[in-house]
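The values are calculated or read from the model by the stated rules, or taken from the named source; none is laboratory data. From a predicted model like this one, the values you see are computed outputs, not experimental measurements. No Cβ is skipped: glycine too gets one built from the backbone with ideal geometry, and neighbour counts run over all protein chains shown. Calculation scope for accessible area: heavy atoms of the full protein, side chains included, ligands and nucleic acids excluded. Shrake-Rupley method; radii C 1.70, N 1.55, O 1.52, S 1.80 Å.
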Amino acid sequence: MTSQPDRKALTRAAFAAAAVLTVVTVAGAAPGAGAAPASPAGTPKLKLIAASKAVTLDRWEGEPGVYLDLGTYVTVDGAPLELNVTRRSYKDPVVARQILRNGTHTTSRTLPAGLVKDFSGLPGFLEVSVKNAAGQEVTRSKGTFCPNNASGRLRPDAPATSHYPESCSTNPFTLGSVWGVEKGWAANSSTVDYDKPVDLPVGEYTAKVSVAKKYRDLFGIPDDHPTIKVTVRQTGDGTSGGGTSGGGTTGGGTAGQRAASPSAPSALSDPHAQHSQHATGAGHAGHHFGPRGADAPTPGALSHALEARGLAHHLGDGLGHTDGSRVAPALRADGRRPTGRAGVPANVPKPDLRSLPAWDIAVTDGEDGDVPGKDYLAFSANVWNAGPAPLVVDGFRKPGADLMDAYQYFYDAHGKQVGYAPTGTMEWDPRIGHEHWHFTDFASYRLLSADRTRQVRSGKEAFCLANTDAIDYTVRNANWHPYNTDLSTACGQQNSISVREVLDVGSGDTYTQYRPGQSFDISDLPNGTYYIEVKANPAHRLQETDLKNNVSLRKVVLGGTPGARTVQVPPYDLVAAP
């Protein structure tokens, strides 16, 4: 039985797919692809423009409003706009620096303290005022600008491709990001909050957009105020497979609006879409979500790539997929299992796996396979690779075998394979929300007692590897364009004979709280303090550069009564993510 598409996720995917500008994406890049080219100019010239004088927005039946996808862009000329955003630790605030390149000479300037508080972009950048036909202001809002948003060239002599990353991370435990727009390119700046649609009745409106004064002064942006005519029209519930992805017609071609190209295929027409509904929290006839079920991520807790992964490929893995929701083709394992003696040179680069503290923590009544009426502590977790080498694991299956034999591969600084080592197995996970090959012993979850000496509950230890989140793109050899970004394409099918799973440098793999297995049964646990332990490479079967940074702990305090359990999650240093 097919499931209905998650229209909110489809809208986000459409935001990546539709653009009037000529957009070129990079499907993959070698490790170290983040090295920025020199620019003959020093300071970029920024300007706010509107791609169209009028847009039509659809108000979907049963939804509380529309998304203000107005088709505004920030153009960049003279030199690239480039920002490095980092924090030394979770005890330190986020610091943003603008990188200025003038030929071979590179300088930087630090943006005002407190201006950038996380890694999602420049907050309060775009200011939007919407007035009705009578000239009365009906809504006013501010939007965050991610320079890595869907972007495209302004003219044919601009760089053919953008080497900058394709999204801004909203993972609460991100450590470092790179934001950028190439010289001669423009980045979408539409203020779209997918968790807070604007309640605009059907009718005609006028939207006026501008850049906040603090950013005009900081970057020397002209005080322009593009005006866009907005038509809001009523539309059905979006489940008929029409392929508009939550949008109407427009000259701007931005998110939630139908591009001039043919309509995208419906998610209903592809079996991978059914898989991805579980990744985004959409319903499924065989999927149990109780009244307190963890059926959706905490708003803003996940990256755009993660919230919409598994959907964007229905629009084609090509033009427009530059905001992180692009889904790459499946990686391929070597044609045959390795032969000869296993071995790894002592000085070969290796990955460095690190775990992030758990977040998005909530009490639920379980997921598929859980016992109804019990209380579960659900959470999201991430293991990432700090490099300097990618983690590459191939699985090979003997005919008729239930398990694959897994091997870790190693490469020299030039990308040449120089060794391999057996590293356990891969197993097929048939549960809804997974349905792919899991690499065993990649990570483990445990719930520890208050003194951290006793294990009171244990979690899963098998995972499908995918580059869902950019955790630190400032580390050495970080790949700003990781190849496999989606679970539905990264980890094979039930009849696969071989699988390649990769965790690239700088990226992490998030398993969200609404996936089966992401919880502990707390029904019979007394109230009190516990710690969620996330441990990378628990059996040390993977070879890496450092085994001392594999464990993270997150404190939780359980309360309430059976059937009404509660959880309090204290901040982790300066990170207040629940």
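Key figures for this structure:
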quantity	calculated
Of Thr110, Gly65, Leu122, farthest towards positive along the dipole that unit charges on Lys, Arg, Asp, Glu beta carbons give the range 54-129	Thr110
Solvent-accessible surface (1.4 angstrom probe) belonging to Arg216, in square angstrom, nearest 10	50 Å²
Amide H within-cut-off set for Tyr473, under 5 Å, with H built and near neighbours excluded	Gly176, Ser177, Val178
Accessible surface, 1.4 Å probe, highest first, among residues Tyr572, Tyr511, Tyr90	Tyr572, Tyr90, Tyr511
Virtual spin-label span in nm between Leu574 and Glu427, 7 Å along Cα→Cβ	4.2 nm
Long-range amide H partners of Arg59 with built H, under 5 Å	Arg233, Gln234, Thr235
Karplus-derived 3J(HN,Hα), 6.51/-1.76/1.60, for each residue of the range 553-559, Hz, glycine and proline x	10, 10, 7, 9, 10, 8, x
Probe 1.4 Å, all protein chains present, accessible-area order of Lys196, Lys229, Lys53, Lys555, largest first	Lys53, Lys196, Lys229, Lys555
Those chymotrypsin sites (Phe, Trp or Tyr not before Pro) in the range 97-159 that DSSP places in a loop and that have at most 12 other beta carbons within 10 Å	none
Solvent-accessible ranking of His438, His540, largest area first, probe 1.4 Å	His540, His438
In Hz, Karplus ³J(HN,Hα) per residue of the range 63-79 (6.51, -1.76, 1.60; θ = phi - 60°; x = Gly, Pro)	9, x, x, 10, 9, 7, 8, 9, x, 9, 9, 9, 8, 10, 9, x, 6
Sequence-distant residues sharing a close amide H with Ile522 (under 5 Å, placed H)	Asp375, Tyr376, Leu377
Net charge over other residues, Cβ less than 14 angstrom from the Cβ of Gly78 (K, R count +1; D, E count -1)	+1
Radius ratio Rg over Rh of the range 143-229, counting only Cα atoms, Kirkwood formula for Rh	1.00
Cβ-based net charge around Ile221, under 13 Å, with every Lys or Arg adding one and every Asp or Glu removing one	0
